[in-house]
Amino acid sequence: MPELIAKSALDGRRLTLGGLTLVELDPGPITSVALYPGGAKLAAKGLKTLGLTFPPPNTFTEKKGARIVWTGREQAFLMGVAPPAIEGAALTDQSDGWAVLGISGAAAVDVLARLVPVDLRSSAFPAGRVARTQVNHMNAVILRTGDHELEIMVFRSMARTAWHELEGTISMVAARQAVKI
Amino acid sequence: MRLRCPLCGERDRREFYYYGAEDYLHRPAADAALAEWDAYLHLRDNPAGVTRDLWYHEAGCSQWLLVTRNTVTHEISGVELVAERKA
């Protein structure tokens, strides 16, 4: 058997500018957990083996490297771990289908405010919240992971476009900060 | 214009796609009279006032929404999930 080498969409690219850091993250395995009608109880049993519960809308939770993210009505993404046996839901492998970018820094929300039509400030979007929305015209899943940290998930095919958009916006925000008024 | 998606919360117009009148939810039976099918496919009201229509939250939770709005005042008085509505 030949040895296959896993490659991420952007090779772990990293950019630091004006106190902002943009980096491609490795999310590990991603599995879509889509509940069958009435399957919530059975699925909860499967998720319990990881210490997780099915997340309410617009939230995600983490436990020992496993993360479960709400991604739609009765649908969530299990990330970072191989899925245990879960009944009552359709499990679909989504690994390698997504590119995950981490943006951090005090001005991270200012960068996203230029691209995303949702209020992502901590007051409206605290840690543990997730939004399915757009980055410019790209569909994206945005997670608030810390006070000044957010993660942006886009389809892998859009990874370079997302990077291009964010890199451009970061350089504009950084330039704006450098101007003394 | 903003719509309050029952799942995602208040979102900008650009996240939604307009489909058409609520009538699309009331598909006649396969053996229904021709006139009923004609009405389902072609006949639409054009009210000055309250109207109900279907919107798709394409850049959000991918749910079909039933929106009640007023074409005169632009007030949006209700947004429901089609998937969870009582028939």
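The values are calculated or read from the model by the stated rules, or taken from the named source; none is laboratory data. Since the structure is predicted, the reported quantities are computational estimates derived from the model, not experimental observations. Glycine gets a Cβ as well: all are built from the backbone with ideal geometry, and neighbour counts include every protein chain shown.
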Next item on the list: Scan region A:23-30 and give yes if some residue there is buried (at least 19 other Cβ atoms within 10 Å of the Cβ), in contact with a strand residue (DSSP E or B) (Cβ under 7 Å, 6 or more places away or on another chain) and modelled with pLDDT of 95 or more, otherwise no.
Entry: yes
Next item on the list: For region A:124-144, indicate whether the set of residues that are away from chain B (no Cβ under 14 Å) and polar (S, T, N, Q) is non-empty.
Entry: no
Notebook entry, point to check: Which residues, counting only those in region B:1-56, are of a type in the set (Gly, Ala, Ser) and either within 14 Å of chain A (Cβ to nearest Cβ) or farther than 30 Å from residue A:140 by Cα (or both)?
Noted result: B:9, B:29, B:30, B:32, B:33, B:35, B:39, B:48, B:49
Checklist line | Unique match (being farther than 30 Å from residue A:59 by Cβ and touching a Phe, Trp or Tyr at 6+ places or on another chain (Cβ under 9 Å)) among B:44, B:27 | finding: B:27
Notebook entry, point to check: Does region A:62-72 include one or more residues that are without any contact (Cβ under 8 Å) to a residue 24 or more places away in the chain and among the hydrophobic types (A, V, I, L, M, F, W, C)?
Noted result: yes
Check: Which ranges mark the strands (runs of 3 or more DSSP E) fully within region A:36-107 that have 2 or more residues being within 14 Å of another protein chain (Cβ to nearest Cβ) and of a type outside the set (Asp, Glu)?
Finding: A:66-72, A:75-79
Next item on the list: Of all residues in region A:12-35, count the ones that are under 29 Å from residue A:176 (Cβ atoms) and part of a loop (DSSP other than H, G, I, E, B).
Entry: 4
Item checked: Positions within region B:57-87 being among the basic types (Lys, Arg) and within 14 Å of chain A (Cβ to nearest Cβ), in sequence order -> B:85
